[in-house]
1. For the stretch B:56-196, give the magnitude of the charge dipole about the Cα centre (Cβ charges: +1 Lys/Arg, -1 Asp/Glu; no others), in debye to the nearest 20.
2. At a Förster distance of 35 Å, what's the computed FRET efficiency of B:Thr20 paired with B:Met51, Cβ-Cβ distance as r, to 0.05?
3. Cα axis of helix A:315-330 to longest principal axis of chain A: angle in degrees, 0 to 90, nearest 10?
4. With the cut-off at 1.5 for a/c, could you classify the stretch A:254-364 from its C-alpha gyration tensor as rounded, prolate or oblate?
5. Report the Cα centroid-to-centroid distance between the stretch B:323-390 and the stretch A:38-74 in angstrom, as an integer.
6. Taking 8 Å as the Cα distance limit and 6 or more residues as the minimum spacing, I'd like the relative contact order of chain B as a percentage.
7. How far apart, in nm, are two points set 7 Å out from the Cα along the Cα-to-Cβ line at B:Glu432 and at B:Ser178?
8. Put a point 7 Å out from Cα along the line to Cβ at B:Glu209; what are the distances to that point in the other copies, in nm, shortest first?
There are 2 protein chains.
Amino acid sequence: MNIDTLITARWIIPIEPENTVLEHHTIAINDGRILAILPSAEAEAQFQPDMHIRRHQHVLMPGFINAHGHATMSLMRGLADDLPLMAWLNDHIWPAESRWINPEFVHDGSLLACAEMIKSGTTCFNDMYFFPDETARAAEHAGMRATVGLIALDFPTAWAQDADEYLQKGISLHDQLSGNSLISTAFAPHAPYTVSDDPLTRIATYAEELDIPIHIHLHETAFEVQESLEKFGMRPIERLQKLDLLSPRLLAVHMTQLENEEIRLLADSGVHVVHCPESNLKLASGFCPLQALIEAGVNVALGTDSAASNNDLDMAGELRSAALLAKAVAGNASAVPAMQALQMATLNGARALGLEEETGSLTPGKAADIITIDLSGVDTEPVYHPESQVVYAAGRHCIRDLWVAGRQLLRDGELTTLNPAAILERAREWKEKLAECS
Amino acid sequence: MNIDTLITARWIIPIEPENTVLEHHTIAINDGRILAILPSAEAEAQFQPDMHIRRHQHVLMPGFINAHGHATMSLMRGLADDLPLMAWLNDHIWPAESRWINPEFVHDGSLLACAEMIKSGTTCFNDMYFFPDETARAAEHAGMRATVGLIALDFPTAWAQDADEYLQKGISLHDQLSGNSLISTAFAPHAPYTVSDDPLTRIATYAEELDIPIHIHLHETAFEVQESLEKFGMRPIERLQKLDLLSPRLLAVHMTQLENEEIRLLADSGVHVVHCPESNLKLASGFCPLQALIEAGVNVALGTDSAASNNDLDMAGELRSAALLAKAVAGNASAVPAMQALQMATLNGARALGLEEETGSLTPGKAADIITIDLSGVDTEPVYHPESQVVYAAGRHCIRDLWVAGRQLLRDGELTTLNPAAILERAREWKEKLAECS
């Protein structure tokens with residue numbers, strides 16, 4: 001049978017079935033989709049590929065799914081660090097945003113983020129920012145899979161004046177993007193403390209009608225919870241429950257402040273949690289009880305948050321941080337073993353975004369969203385357990401190739417769809433403008 | 001004036017003076033020592049170098065000092081992960097060690113570690129393992145600065161049979177190495193729970209006589225403290241105090257279990273703490289109260305621990321983990337800002353090892369132990385604050401050059417003294433032998 005591509009790798013970690021490492025296997029790809037994964041000799045007997053790629057020292061696995069970020073903010077990477085959250089926002093980030101947010105800024109920042117994400121193994125990202133149409137355009141240009149957030153806030157910004165306009169523009173963008181095979185949408189009410197009951201209720205209804213997820217910052221800090229208790233007489237999760245938002249549509253991001261009954265409620269409601277360990281550490285937001293969430297049966301995905309609070313979009317690093325931190329927080333060195341960390345960074349993200357039929361594992365029929373990771377360096381040898389090596393020893397610099405829907409966006413470490421020199425040139429120009437806020 | 005080398009960099013972070021970033025400066029090096037750091041035009045007017053190296057997009061700073069590790073154990077990287085400490089040691093690490101430890105194993109493992117450390121920016125490391133003479137030989141071959149531990153234990157190993165033999169072999173190695181400009185020694189009693197009072201007391205005396213540091217694992221886990229209470233009726237720190245070990249000679253590694261009066265005691269005694277955040281997370285040992293130690297005035301250095309419990313020897317990653325984790329543990333996003341993290345990873349390590357006259361900062365008269373870090377990638381631009389970018393955005397893959405005492409061991413990412421292919425070949429051979437313990 002003639003097909004597009006065979007890729008042979010030393011190890012394949014398909015994520016589904018669970019806890020599987022295949023040695024000396026080959027993945028067959030045609031029309032952007034996975035046909036089969038077979039022992040290499042069988043694959044070569046069965047398929048005549050236009051191209052046969054061999055990666056003899058590499059792990060091949062599904063690309064990472066970055067389930068929470070603000071791509072544009074890569075232009076503010078390191079603008080202001082080591083500050084308390086409110087000083088950081090009030091004195092640096094918000095002044096920069098109110099002065100500079102415009103379509104060009106969002107487009108240039110999103111392209112910078114896409115370049116970084118592709119180089120570090122991310123095939124799909126879930127975004128929340130103003131001018132999401134521009135982030136969609138950048139992702140499309142890069143060839144990445146993305147879910148762009150139809151952002152909603154109570155207060156005016158350059159993107160919209162009030163809740164009505166946010167929702168109207170969001171739904172209009174959703175309609176424009178319908179039929180796009182790589183770019184989807186989610187409602188993205190910023191947080192319970194920035195969006196009031198009426199738009200939240202409408203979002204719950206519209207999300208059902210459009211059949212899309214809802215992406216929200218939730219229980220990020222103790223301050224948020226305390227403020228909600230004072231203003232609404234209840235914690236934010238309880239408020240969202242009363243507004244009918246707790247469902248398998250909801251991606252609840254951060255969740256560092258959780259009581260046991262809230263964890264049970266999340267599990268019972270099918271809410272997805274997006275864990276952002278490095279952002280939570282850097283902003284001193286608290287510790288998300290990852291192992292407790294997993295034990296309760298909650299689907300936990302992983303996100304980097306923005307490069308303004310991380311300061312990278314490196315999912316290889318993020319999944320390592322998640323696996324390490326979970327052990328210390330649980331007081332259990334067996335918590336979140338390597339395979340579970342890899343699943344969080346791939347399949348769990350697809351599930352949270354409602355994309356599990358399309359991506360997140362190397363299952364025949366799914367899109368060929370694939371990365372290779374070179375384990376032949378002095379920092380990744382010897383290899384006893386490849387899954388362990390990927391999580392605990394390898395890093396973004398080991399990512400060699402990346403495909404989205406069968407299209408190669410990274411070839412032996414080089415970007416194929418984006419021009420890094422041009423992207424960096426624009427980033428430096430923006431830096432000159434934004435430096436006054438640093 | 002004719003000199004060996006000028007290096008011009010976009011930014012220089014000398015560590016001393018504190019909180020300093022120099023732009024468009026040049027460092028002058030002669031006979032392996034730093035002569036001066038000057039504005040580039042002045043340096044070019046004043047010096048005629050044999051070689052002038054220009055790094056236009058780079059930070060130049062002192063090399064990292066890895067203040068705690070077991071280089072040899074890189075051969076057991078990922079041998080067994082995600083296990084409780086005692087199962088990991090009893091069922092995997094100790095069986096592998098008792099079967100395979102020999103001079104060749106230590107030499108090959110140490111060379112693998114040196115290769116990884118040089119590529120990730122470490123110029124100096126402090127080691128604790130059997131056959132320290134072999135680690136010294138590997139470091140010398142690599143051209144690195146190192147302090148090798150004169151290990152001591154109560155029980156027999158392939159290196160020595162009892163405390164007497166450990167100490168005798170250690171002192172003999174110390175004598176052999178005297179006069180070596182790059183390799184020094186420290187006594188390395190493994191831990192309070194593996195070394196009894198008599199050898200500890202003798203070590204305190206010998207360390208004074210030989211004027212060298214003492215390197216020990218201390219208060220790593222709650223179990224260690226509990227066991228000491230049961231066996232000795234006191235916590236390990238109190239026991240070491242009674243044995244006269246608490247002094248500026250002592251490097252106390254891990255320290256996850258600390259009461260407030262113990263922190264004060266450490267500060268008053270001038271004890272150095274070596275913080276190993278990633279190993280503590282991975283083994284679920286607990287959280288070292290970094291910010292509290294710093295506020296008390298304790299000198300805190302940074303170490304990776306071994307690649308068997310980390311699983312890398314990447315100080316660039318370790319200092320980022322230290323800075324991030326400290327904020328969450330202290331509940332303060334301003335804790336351990338970027339410059340402090342860089343100082344921990346450089347000068348504080350030199351101070352702990354008694355090498356602060358020789359290395360740890362770019363001070364005229366000190367050895368030229370230097371690295372460059374490329375900040376021109378899509379993951380490190382734009383650059384608002386270079387020190388912040390080095391800590392929070394850059395990584396080991398951005399390290400481009402490294403010099404120890406003016407000798408270049410890494411040139412644009414390539415090792416100059418070591419042959420990675422040969423080192424990896426040996427690592428793979430050992431892996432075949434050790435795999436039965438995985």
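1. Charge dipole, the stretch B:56-196, about its Cα centre: 460 debye, nearest 20.
2. 0.85
3. Between the helix axis and the principal axis of chain A, the angle is about 70 degrees.
4. Rounded.
5. Rounded to whole Å, the Cα centres lie 37 Å apart.
6. In percent, rounded to a whole number, it is 21.
7. 4.5
8. 8.8
All of the numbers you see were taken from the coordinates with simple rules; none came from a lab. The model shown is predicted, which means the values in this text are computed figures rather than measured ones. All Cβ positions, even for glycine, are placed from backbone atoms using ideal geometry, and neighbour counts span all protein chains on display.
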